[in-house]
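Remarks on the structure that follows.
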Amino acid sequence: MRDQATDEGLVLQTVRALEAADAPLRPRDWPALEDPHIRELVGGHLKGLGRQLVAVTHGDGGPIEGWLSGWSDEVAAELAGDETDLVADDFAVLALIYLHSEVLVRILGEDVPPVLEQLDQHTGPDGRDTVRGQRLTKSLRRLRAHQLITNQNKLGPALMRLTPTQSRILEGNLVLLLRPDSLWARDIKAARRPESTLTEEE
Amino acid sequence: MNTRMDQLALELARLRRHNQLPIADARVADLEIAANANGRQLHVVSTAEDDNTVSLVLGWHSVEPAASTRSPKLVRRTLPQSAVKVLVVFYALIKDPNTVQESLRLPQLSGTLDRLVGPGSGGTAEKALSEVLTAAGLVVLTSNGWQPGPKMLTWDGPTRAVMDHAAERLWTHPLWPGGANA
């Protein structure tokens with residue numbers, strides 16, 4: 001039989017660590033997180049704060065490197081509509097960095113030079129005229145402050161806090177942007193349609 | 001967001017994200033219970049020049065989890081060193097018993113930094129205040145100037161003790177405003 005008082009103390013200590021951590025809690029440092037029962041209890045407390053336990057893995061489906069907390073799926077959808085200090089320029093810059101990192105490096109697996117170098121080599125429009133000079137500097141600073149990018153202008157640690165559902169939405173957006181007429185895009189659109197609309201059409 | 005519990009979770013999430021929320025919009029008692037049950041604590045603070053603006057801030061139950069380089073390792077986000085200097089001098093100026101003041105103007109802070117750290121140091125003050133320290137909720141800009149932000153107002157005892165000690169050392173520095181060589 002488990003000692004509930006000990007469990008609760010351990011669970012709250014783990015919740016506090018997760019909420020304060022700036023890097024994944026490694027299983028060897030926080031063995032409690034290897035226990036599915038404790039993880040379930042931790043998840044319950046995080047849910048009460050609008051947060052969710054996130055496993056950080058090495059690559060898709062790789063071994064668990066550690067644990068973080070992030071916005072729960074329900075709360076993230078609500079917070080997305082809140083005011084933020086990020087402006088349209090910032091999202092444009094982040095999208096550019098995301099596209100280069102995800103499409104060229106992770107999905108296509110290409111060994112590519114840094115984003116700036118690639119853009120310099122590119123002939124024709126590269127989107128950089130939309131945000132430049134002081135506006136670009138400020139955007140990069142704001143994105144770094146939110147940990148969305150690193151000092152090297154790579155995707156930042158904030159993206160490790162995305163839950164599997166949030167990652168799927170982001171990847172779906174990528175497909176809708178790059179292959180809008182594909183079967184894959186059609187499936188994504190259908191899955192995102194409210195249930196009532198689906199019933200009417202099918 | 002259907003249940004009452006979901007709504008409380010959303011409000012606590014908003015408190016975390018925005019550093020503070022107006023008390024008028026919140027169900028304080030319910031939020032306090034929900035925060036305590038999950039290792040956090042609710043603080044009521046007045047951060048603006050006008051005391052009518054009272055806000056809620058999400059802090060830590062008892063003391064804040066400390067960073068640890070030993071097992072169990074816990075990495076905490078740190079401020080850049082330049083921002084730490086600005087923060088310590090800001091805190092010491094605000095707390096200086098010889099000049100009771102609730103807010104600071106930028107020239108006052110950058111002038112003190114220039115004297116203490118060296119010419120040009122004050123130039124880092126505006127960037128640190130308006131970006132790093134504001135984002136961290138440590139300072140807030142009001143019509144009267146820069147004031148302590150919600151996170152500074154809810155520091156735990158050990159953090160406050162460290163900052164008080166640093167401030168006391170600065171007050172005795174000969175180049176401190178009002179000091180022998182200022």
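Things to note:
- Here B:Lys151 is the anchor, and the lysines within straight C-alpha reach of less than 21 Å, apart from those fewer than 8 places off in the same chain, are B:Lys85, B:Lys95, B:Lys127.
- Leading residue at positive end of dipole, the stretch B:14-140 (Cβ point charges), from B:Ala83, B:Leu42, B:Thr53: B:Ala83
- Helix B:81-95 and the longest principal axis of the Cα set of chain B meet at an angle near 90°.
- Residues whose placed amide H lies under 5 Å from that of B:Leu21, excluding near-sequence neighbours: B:Leu56
- Each label point was placed 7 Å from the Cα along the Cα-to-Cβ direction; for A:Ala158 and A:His146 their separation is 0.4 nm.
- For chain B, the longest principal axis of the C-alpha atoms and the axis of helix B:106-117 are separated by about 60°.
- Anisotropy class of the stretch B:1-102 from Cα gyration tensor, a/c 1.5 cut: oblate
- From least to most packed, judged by other beta carbons within 10 angstrom and beginning with the fewest, B:Ser68, B:Ser62 follow the order B:Ser62, B:Ser68.
- In the stretch A:4-49, the trypsin sites (Lys or Arg not before Pro) that fall in loop regions by DSSP, at most 16 other Cβ within 10 Å: A:Arg28
- Taking 7 Å steps out from each Cα toward its Cβ at A:Glu83 and B:Leu141 produces label points 1.5 nm apart.
- Chain B, Rg to Rh (Cα coordinates; Rh as Kirkwood inverse mean 1/r): 1.02
- Debye, to nearest 20: dipole size of the stretch B:77-182, +1 on Lys, Arg Cβ, -1 on Asp, Glu Cβ: 140 debye
- Sites A:Glu40 and B:Thr78 - FRET efficiency at Förster radius 35 Å, r taken between beta-carbons, to 0.05: 0.65
- Remark: the stretch A:4-79 is approximated by an ellipsoid whose semi-axes, taken from the C-alpha gyration tensor as √(5λ), come to 18, 18, 10 Å, largest first.
- In terms of Cα atoms, the Rg and Dmax of chain A work out to 20.0, 68 Å.
- Acute angle (nearest 10 degrees) that the helix B:157-171 long axis makes with the longest principal axis of chain B, alpha-carbon atoms: 10 degrees
- Here the dipole of the protein assembly as shown is about 1040 debye; that uses its Cα centre as origin and unit charges on the Cβ of Lys and Arg (positive) and Asp and Glu (negative).
- Listed by Cβ neighbour count within 10 Å, with the fewest neighbours leading, B:Ser130, B:Ser71, B:Ser103 appear as B:Ser71, B:Ser130, B:Ser103.
- Estimated inter-spin distance, A:Thr123 and B:Val162, nm [label 7 Å along Cα→Cβ]: 5.7 nm
- A quarter of the convex hull surface defined by the alpha-carbon atoms of the protein assembly as shown gives 25.1 nm² as the mean projection.
- Estimated from the Cβ-Cβ distance and a Förster radius of 51 angstrom, the FRET efficiency linking A:Asp7 and A:Ser182 is about 0.60.
- In order along the stretch B:120-125, the phi-based Karplus estimate (6.51 cos²θ - 1.76 cosθ + 1.60, θ = phi - 60°) of 3J(HN,Hα) comes to x, 5, x, x, 7, 5 Hz; Gly and Pro are listed as x.
- Computed FRET value (nearest 0.05) for A:Ala190 with A:Thr165, which takes r as the C-beta separation and R₀ as 22 Å: 0.80
Coordinate-derived values only; no laboratory data. It should be emphasised that the depicted structure is a prediction, and the values quoted were computed from it without experimental measurement. Don't worry about glycine lacking a Cβ; one is built from the backbone with ideal geometry, like all the others, and counts go over all protein chains shown.
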